[in-house]
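The values are calculated or read from the model by the stated rules, or taken from the named source; none is laboratory data. Since the structure is predicted, the reported quantities are computational estimates derived from the model, not experimental observations. Cβ coordinates were reconstructed from backbone atoms using ideal geometry, including for glycine residues, and neighbour counts include every protein chain displayed.
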Amino acid sequence: MIIVALVAFFATLAFKMAPSYINFLQVRSVLEGMHHKPDIVERGPRAILNSVSHQLLLNDVRSITHKDFKLERLPEGLRLVVDYESRAHVLFNVDVVMHFNDSVILKNP
C-alpha cells in the first residue's frame, strides 16, 4: 500500500512538473536559434529581445516574458541570459518550485 502511494505521489509530481520542463526546452531552443540570426544580433539589444519575445509567442510559451531575459556585454559579444522560476501546485498546500537558468553568447558581427 505504501509503495502504491509513493508511486502515485511521484507520478503526480512528474505530471505537474513536465509542462515547466517542456517550456524550458522551448526557451533553450529559442536561445540556441539566435546563433542563426546574425542580422538581428547586429541590430542591437532591443531587436534581440523583440525577436526572443516573438519566438516565445510562436512557441506558445506564455509564462516567460522578455523581462526574464538579460543582455550582458562581453569582449567577445553579448551574452543572452534567461533566469526564471516556475511554480506548480502539487496538492493541498504543497507546491514545487523549479528554477531555470541558461545563457548563450552571441558573437559580434
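Computed values, structure above
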read-out	value
Cβ pairs under 8 Å, 6+ apart, first in segment 40-68 and closer than 17 Å to S20 by Cα, second among the polar types (S, T, N, Q) and exposed (fewer than 13 other Cβ atoms within 10 Å of the Cβ)	N59/S29
Qualifying residue in segment 43-52 (condition: of a type outside the set (K, R) and surrounded by fewer than 13 Cβ atoms within 10 Å (Cβ to Cβ))	yes
Residue satisfying condition, being exposed (fewer than 15 other Cβ atoms within 10 Å of the Cβ) and modelled with pLDDT of 95 or more, within set V97, V82	V97
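Condition check ((1) in contact with an Asp or Glu (Cβ under 8 Å, 6 or more places away or on another chain); (2) outside any helix (DSSP H, G or I); (3) under 15 Å from G77 (Cα atoms)) across all residues:
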{"site": "A14", "(1), (2), (3)": "no, no, no"}
{"site": "A18", "(1), (2), (3)": "no, no, no"}
{"site": "L25", "(1), (2), (3)": "no, no, no"}
{"site": "L31", "(1), (2), (3)": "yes, no, yes"}
{"site": "H35", "(1), (2), (3)": "no, no, yes"}
{"site": "E42", "(1), (2), (3)": "no, no, yes"}
{"site": "I48", "(1), (2), (3)": "no, no, yes"}
{"site": "S51", "(1), (2), (3)": "no, no, no"}
